[in-house]
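Data block below; observations after.
The values are calculated or read from the model by the stated rules, or taken from the named source; none is laboratory data. Just so it is clear, the structure is predicted and the values come from calculations on it, not from any experiment. Cβ: placed from backbone, ideal geometry, glycine included. Neighbour counts: every protein chain shown.
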Amino acid sequence: MIATAPSITTSTGAQSGVAVHPGQANSLHLTEIPRGEPGPDQVQIRVRQVGVCGTDREIIHASFGTAPPGEASLVIGHEMLGEVTAVGAGVQGFVPGELVTATVRRPDGCPACLAGQPDMCQWLQYTERGIAGLHGFMTESVVEDARWVVGVPREIEHVGVLVEPISVVEKALRQANLIQHRIASWNPRTALVLGAGPIGLTGTLLLRSRGLDVVTMARRPAPHLAAEIVIASGARYVSMQETSIRDIAAELPPLDLIFEATGSAEPGFAAMEILGNNGVLMLISGVGGAAALSVAAADIYRSLLRGNKVIAGSVNSSREDFALAVADLTRWEDLWPGLAARLITRRLAGLTDYARILERPEGDIKTIVEVG
Ligand SMILES: [Zn+2]
């Protein structure tokens, strides 16, 4: 007996996705997952572009990531620009042909999630597209609940894939401003951004577009593209190899706000020592490297205490932050035409080019996969 019918049925309803076997290094592969139809209050989205970030690389290196229940593979990708192809019954505000992106995290049953803030999840049992228990966007088509979908205007189509990473710095700034309601005179003027990857650079553009004086520090001495982007926004670029964080702080007015996005712990602790009085240090990026670090603990403690300083972590982002990112990207195109697009340094042609995700050419800032 030749039982071909079921496999034909499977293949017509299936699509390719770039996946890993979570916990298993070097397991990046093409998998097949079902192609979904939108149910009530759901939107079907044809994926056009997916951005790659440090989190994807950590998942590929098996540092974390979990597959959906009962599955061996996790489709990666959480930075997406797509086009609505169909909407389910009851969906309002989205029509086929419209450009969209979607938030990443889905709630568990904790109080914060129940209150509508999965980005502030307390139990950390959330699921996350392409990261924790839910397939990501590095596939041809996804079905998403309309409440997680965010419209992207055509005029920022060329940079729409950056909305998710920008939403992360939008959340960090929004959190900083919420925290700083404690200071009646809060009017930040001077900011330091540590790191010049996608988060450091979009953080620089965000703070510059809000009128702050910004110094952005990263490891490599200029000239290079990241430094050019910093300078084009009106910020100053300084190499940590040439000047210490302490020396920069000594020549600047008090630092009201610091974004830490280097990917290692040491600059964050150096930042604690030089944060201005009443200032806030936002820790935004994951860190690697050695767990132990020698710091001037008592000096840092005294300085935080005497100066009423705050250190806060900020991770993920909300729908509100996505909307802010869309609005700011649109504004940045007026302020600095073409500048945000320079963050996209590499385009992979299709899902089948997945093996090149792990390549890191010198000067690469943001790699995107052109899916459709
Ligand atoms: Zn939660």
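Assuming V152 fulfils every condition listed in (1) farther than 19 Å from V371 by Cα; (2) crowded, with 16+ Cβ neighbours inside 10 Å apart from one, which condition is it?
It fails just one condition, (1).
So is V295 of a type in the set (V, I, T) and either within 27 Å of E170 (Cα to Cα) or touching a residue at least 60 places away in the same chain (Cβ under 8 Å) (or both) or not?
Working: of a type in the set (V, I, T): yes; either within 27 Å of E170 (Cα to Cα) or touching a residue at least 60 places away in the same chain (Cβ under 8 Å) (or both): no.
Considered against the rule, which asks whether it is of a type in the set (V, I, T) and either within 27 Å of E170 (Cα to Cα) or touching a residue at least 60 places away in the same chain (Cβ under 8 Å) (or both), V295 comes out as no.
Would you tally the residues in region 321-372 being surrounded by 18 or more Cβ atoms within 10 Å (Cβ to Cβ) and without any contact (Cβ under 8 Å) to a residue 24 or more places away in the chain?
Looking only at that region, the number is 1.
Residues G313, G276: which one is touching a residue at least 24 places away in the same chain (Cβ under 8 Å), in contact with a strand residue (DSSP E or B) (Cβ under 9 Å, 6 or more places away or on another chain) and surrounded by fewer than 16 Cβ atoms within 10 Å (Cβ to Cβ)?
Details: G276 fails: surrounded by fewer than 16 Cβ atoms within 10 Å (Cβ to Cβ).
Checking each option against the conditions leaves just G313.
Kindly provide the set of residues from region 187-234 that are in contact (Cβ under 8 Å) with a residue 60 or more places away in the chain, over 17 Å from S314 (Cβ atoms) and in a strand (DSSP E or B), ordered by number.
T190
Being of a type in the set (S, T, N, Q), over 25 Å from L178 (Cβ atoms) and modelled with pLDDT of 95 or more narrows it down to one of T243, T262, so name that one.
Numbers: T262 fails: over 25 Å from L178 (Cβ atoms).
Sole residue among the options that is of a type in the set (S, T, N, Q), over 25 Å from L178 (Cβ atoms) and modelled with pLDDT of 95 or more: T243.
Would you please name the residue that is farthest from the ligand (Cβ to nearest atom), looking only at residues in region 107-131 that are surrounded by 18 or more Cβ atoms within 10 Å (Cβ to Cβ) and of a type in the set (D, E, K, R)?
Across region 107-131, the extreme among qualifying residues is R129.
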